[in-house]
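One structure is given below, encoded as structure tokens.
The values are calculated or read from the model by the stated rules, or taken from the named source; none is laboratory data. Nothing here was measured: the structure is a model prediction, and the numbers come from that model. Glycine also receives a Cβ, built like all others from the backbone with ideal geometry; neighbour counts cover every protein chain displayed. Heavy atoms of the whole protein, side chains included, go into the accessibility calculation; ligands, DNA and RNA do not. Shrake-Rupley method; radii C 1.70, N 1.55, O 1.52, S 1.80 Å.
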Amino acid sequence: MNIFKELRRKNHPRVLGAIDIFKYIGPGLLVTVGFIDPGNWASNFAAGSDFGYTLLWVVTLSTIMLIILQHNVAHLGIVTGLCLSEAAVKYSPKWLGKPIVVSAFFASISTSLAEILGGAIALQMLFGISIPNGALLTTIAVLIMLFTNSYKRMEKAIIGFVSMIGLSFLYELFLVDIPWPEALKGAFLPSVPQGSLMIIMSVLGAVVMPHNLFLHSEIVQSREINIKGDERIERMLKYEFCDTLFSMIVGWAINSAMILLAASTFYTHGSHINELAQAQALLTPLLGNNAANIFAIALLLAGVSSTITSGMAGGSIFSGLFSEPYNVKDIHSIIGVLLSLGIALLMIFFIGNPFKGLIISQMILSIQLPFTMFLQVSLTSSKHVMGKYVNEKSTTILLYFLATLVSALNIWLLIEAI
């Protein structure tokens with residue numbers, strides 16, 4: 001065993017706490033729950049209500065990218081025993097690796113903002129609580145669950161309930177009139193309607209989230225597969241890919257269903273969604289008069305569960321800056337969690353339009369994304385880092401192409417803004 005790793009494990013034992021739950025339900029499933037977090041809901045509903053079926057291709061492209069990227073970053077964690085943040089600090093030049101990791105930490109704050117805001121909107125829908133007070137309550141509840149690990153008792157129930165709501169969106173496709181030829185065209189033929197670029201970037205950032213790349217690499221390397229031999233590594237890589245592929249396809253279906261329903265319910269009638277409360281109408285055909293409450297409860301649980309994972313990601317990224325793994329009892333991980341959620345909470349107090357805040361927060365993720373992508377590819381394409389498990393040349397070319405594509409979209413957005 002590498003001496004550095006041995007010392008690291010002795011000085012900072014990997015007490016994962018909340019992350020342990022991933023061992024039983026699979027990393028891919030948790031990423032899929034992230035597919036229907038409040039930021040995704042807002043981006044999808046805005047895409048469908050404003051542009052009909054024409055932006056479905058963004059979900060398709062984003063999901064393909066996500067499958068490739070999540071498997072690749074899991075590859076890094078499984079082989080090296082390091083999360084993306086730790087690997088960047090250890091192997092990348094200091095002038096490059098640490099600044100990118102710091103920018104990823106700020107992206108995790110943007111993620112936390114969307115998740116907390118979603119929980120606050122749900123509390124307002126259910127109990128009339130103001131957005132600032134609802135955000136404060138959501139943050140306090142998440143911090144208690146994170147630092148006491150009590151959320152582990154309810155995590156599977158949360159995932160099950162939120163997944164049922166996602167499946168409800170899928171089921172409703174049979175209850176509404178959707179022009180399938182037009183929808184299929186939108187799902188696979190890219191088009192950029194006038195004024196849609198910000199929504200495109202928002203949907204992209206809501207699906208391919210930088211913090212999930214860091215968190216996924218932390219989750220899989222917590223299993224310490226890298227010290228159990230080549231046979232175990234290779235078997236784990238195959239298993240992980242199947243898990244990721246299945247989960248991402250499910251996520252693609254649910255995200256697409258949200259856009260389809262928003263398009264058929266709002267766009268075709270010339271209406272637009274300006275707040276999440278309007279979107280409860282999507283569930284009315286299935287749930288009747290209880291739709292509003294069921295929608296709000298699902299949004300609350302989605303907000304809480306995704307805030308937990310964004311807080312964990314913030315802790316993982318921050319502790320990686322000090323060459324340490326995520327440890328719920330370690331000071332650097334604790335600081336990372338508190339900063340990620342605390343700064344996000346503070347920003348919510350200055351947001352005038354919560355729905356627009358959700359959209360912009362997701363767009364910010366897409367702006368940071370290419371930096372994380374280029375960093376990840378440089379590490380997984382390095383034989384010094386990956387040994388014989390280094391990316392094949394074709395994989396490296398594909399990953400760099402995807403990173404360049406996202407960069408080009410960001411430059412386009414900047415030019416359009418100017």
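For the chain, a Gaussian network of Cα nodes joined below 10 Å ranks LEU117, LEU398, LEU136 by mean-square fluctuation, and the top entry is LEU398.
Between ALA141 and VAL176, the simple spin-label model (points 7 angstrom out along Cα→Cβ) gives 2.7 nm. The stretch between MET164 and ALA417 holds 87.2 nm of extra length on full extension. This uses 0.36 nm per residue minus the Cα-Cα distance. If you average the alpha carbon positions of the stretch 229-301 and of the stretch 302-342, how far apart do those two centres end up, in angstrom? Measuring centre to centre over Cα atoms gives 26 Å.
With all protein chains in place and ligands, DNA and RNA left out, the 1.4 Å accessible area ranks THR54, THR396 as THR54, THR396, largest first. Compare GLN280, GLN362, GLN194 in a GNM of the chain, Cα atoms joined below 10 Å, and give the one with the largest fluctuation. Fluctuation is largest for GLN194. The stretch 345-418 and the stretch 67-82 have Cα centres spaced 16 Å apart.
How would HIS272, HIS211 line up by accessible area, probe 1.4 Å, largest first?
Listed by decreasing accessible area, they come as HIS272, HIS211.
Accessible surface for SER381 stands near 40 Å², nearest 10, in the context of the full protein assembly shown (1.4 Å probe). For the stretch 284-391, the equivalent ellipsoid derived from the alpha-carbon gyration tensor has semi-axes of 34, 19, 16 Å in decreasing order. Each residue was assigned an accessible area with a 1.4 Å probe, and for SER378 the value is about 50 Å².
Based on alpha-carbon atoms, the Kirkwood radius and the radius of gyration of the chain give Rg/Rh equal to 0.96. The fraction of all Cα pairs in the stretch 63-111 landing in successive 10 Å bins from 0 to the largest distance is 24, 43, 32, 0, given as whole percents. May I ask you to derive the FRET efficiency for LYS90 and LYS329 from their Cβ-Cβ distance with R0 = 22 Å, giving the value to the nearest 0.05? The pair LYS90/LYS329 has a calculated efficiency of 0.45. Of the residues LYS388, LYS329, ranked by 1.4 Å probe accessible area with the largest first, the sequence reads LYS329, LYS388. Dipole check for the stretch 288-406: with +1 at the C-beta of Lys and Arg, -1 at the C-beta of Asp and Glu, and the Cα centre as origin, the magnitude is about 200 Debye.
P(r) for the stretch 217-374, from all Cα pairs and a bin width of 5 Å, is 1, 7, 9, 14, 17, 16, 13, 10, 7, 4, 1, 0 %, short bins first. Within the chain, which whole H helices from DSSP have a Cα span along their axis of at least 20 Å and a mean Kyte-Doolittle hydropathy of 1.0 or more, if any? Result, helices passing both filters: 56-80, 94-127, 131-148, 155-172, 291-320, 331-348, 354-380, 393-417. In the context of the full protein assembly, GLU231 retains an accessible surface of approximately 150 Å², using a probe radius of 1.4 Å and ignoring ligands and nucleic acids. Restriction of the chymotrypsin sites (Phe, Trp or Tyr not before Pro) in the stretch 316-404 to DSSP coil positions whose beta-carbon has at most 13 other beta-carbons within 10 angstrom yields PHE349, PHE350.
Modelled this way, with points 7 Å down the Cα-to-C-beta line, the labels at PHE322 and ASN289 are 5.6 nm from one another. Quick one, what does Rg over Rh come out to for the stretch 54-182 if you take C-alpha atoms and the Kirkwood Rh? With Rg and the Kirkwood Rh in hand, the quotient comes to 1.05. Using only alpha-carbon positions in the stretch 280-320, the gyration tensor eigenvalues give semi-axes of 34, 7, 5 Å once each is multiplied by 5 and square-rooted (largest first). Between TYR400 and ILE249, the modelled labels are 3.1 nm apart [label points 7 Å from Cα along Cα→Cβ]. Loop-located chymotrypsin sites (Phe, Trp or Tyr not before Pro) across the stretch 164-264 with a Cβ neighbour count of 14 or fewer within 10 Å are PHE174, with loop assigned by DSSP.
Let a ≥ b ≥ c be the square roots of the eigenvalues of the Cα gyration tensor of the stretch 313-359; is it rounded (a/c under 1.5), or, if not, prolate (a/b larger than b/c) or oblate? In terms of gyration-tensor shape, prolate.
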